[in-house]
Ligand SMILES: Cc1ncc(COP(=O)(O)O)c(C=O)c1O
């Protein structure tokens, strides 16, 4: 509805399309007997020791406002974690901001980087929220597809250079990637950093799947960009407790940033949610201090499930599936499939299997589908059998 020729809703809001993962999932949720692999969430519940810590924090009175940047004790624990995992020194007073989710961390970072009309280069296929958040800030997302070369996704540095304009302010990538499972190599990280240095861009690394890495021993993190960056680099890292500790519903994450952005993001937090819930922050401290053995076990479980799915997909005709090194997704390419949304919809109705269409993940996503393998083995086995039958039926 418009008044005086002006649309009722802001252009920035209108420009954000409905998530195509959601579109399919909403349809699936009205159906019975669906094997649900469309969302990026594990079926493993938050461990009891974290839930108990939240209950204790409530009893102990963590029910009041906290600092905009989050509880100093949690920031100190995160600084210690970076020291231990990556040998990186961070100042909890200015370089770490606790946020009410990884999603909120992206919002705060983008707000600090993008003015209306500024452009952001975003490596895709990617979780669609990055592009949407840039658009909501009245910025212009420019999606740059990661090509599949042989059986590995890569970065098209030529395409990145070609997409630069005087308005480009930000380059965003996700490693380990949702939906690709791709993990940036050290060489990738160095080249991304160099490109940002050369053109005065912010580099936003979404590392929410950092702990779900199958590179070395379970629980060892995928190398963070912070190992390469100096304190003066325009670098921010988005992080979350959602994936590593099965805490999706808790809404807690953090942002690591160069001091100027970190201080500003903490200040802006006042106008978004003020701070993440205080008792949740205390529970997050316990996740960090006591979560390692649990986390390692989860990564082993996920690796088994990944391998189970890889074996099954590899035996199917028309399917090409790169081996993912991290996160909990497979992104098989289906030969001959031109419309991934229509494909997933038919699969849903004919076989009651819910997966996400590749088109939902932006440039480069069409032609593939995303399957989240963080579900029970029995669910995965049944879903893969049905997918096989569906493909055979043509
Ligand atoms: C790549 C990526 N970044 C960030 C998030 C946000 O996580 P949360 O908002 O639950 O912390 C997700 C969730 O799916 C994700 O896949």
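Derivation of every value follows stated rules applied to the coordinates shown; laboratory data play no part. Just so it is clear, the structure is predicted and the values come from calculations on it, not from any experiment. Cβ atoms come from the backbone with ideal geometry, glycine included; neighbour counts cover every protein chain shown.
Listed values, structure above:
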read-out: Extent along principal axes [Cα atoms of region 20-112; Å; largest to smallest]; value: 49, 36, 28
read-out: Label-point separation, residue 376 to residue 187 (7 Å along Cα→Cβ), nm; value: 4.4
read-out: Region 371-387 versus region 31-90: alpha-carbon centroid distance in Å; value: 27
read-out: Column: log10 I(q)/I(0), Debye, Cα scatterers of region 139-188, q = 0.15, 0.18, 0.28, 0.29 Å⁻¹; value: -0.45, -0.64, -1.26, -1.31
read-out: Diffusion coefficient, µm² s⁻¹, Stokes-Einstein with Kirkwood Rh over alpha-carbon pairs of the chain at 4 °C and 1.567 mPa s; value: 60
read-out: Alpha carbon convex hull of region 236-377, volume per residue in cubic angstrom; value: 165
read-out: Rg(Cα)/(2.2 N^0.38 Å) for region 310-386, N = residue count; value: 1.03
read-out: Mean separation of Cα contacts under 8 Å (6+ apart) over length of region 244-360, as relative contact order %; value: 14
read-out: The chain - mean residue ellipticity at 222 nm from DSSP helices (-39,500 (n - 2.57) per run, n ≥ 4, rounded to 500); value: -13000 deg cm²/dmol
read-out: Measure of compaction for region 87-129 (Cα Rg per 2.2 N^0.38 Å); value: 1.44
read-out: Histogram of C-alpha separations across region 61-169, 5 Å bin width, %; value: 2, 10, 15, 15, 14, 15, 16, 8, 3, 1, 0, 0
read-out: Per-peptide average of other Cβ atoms within 10 Å, ordering 124-132, 174-182 highest first; value: 174-182, 124-132
read-out: Computed over region 306-358: relative contact order in percent, which uses C-alpha pairs under 8 Å that are six or more apart; value: 24
read-out: Relative contact order (%) - criterion: Cα under 8 Å, at least six apart; region: region 310-394; value: 29
read-out: Residue 80-residue 93 pseudo-label distance in nm [points 7 Å out on the Cα-to-Cβ vector]; value: 1.9
read-out: Principal semi-axes in Å for region 131-269 [√(5λ), Cα gyration tensor, largest first]; value: 22, 21, 15
read-out: Sorted peptide list for 338-344, 253-259, criterion being average Cβ within 10 angstrom, highest first; value: 253-259, 338-344
read-out: Cα Rg over Rh - region 193-299, Kirkwood; value: 1.00
read-out: Rg to Rh quotient for region 28-80, alpha carbon positions, Kirkwood Rh; value: 1.18
read-out: Relative packing of peptides 69-81, 361-373 - highest average C-beta neighbours within 10 Å first; value: 361-373, 69-81
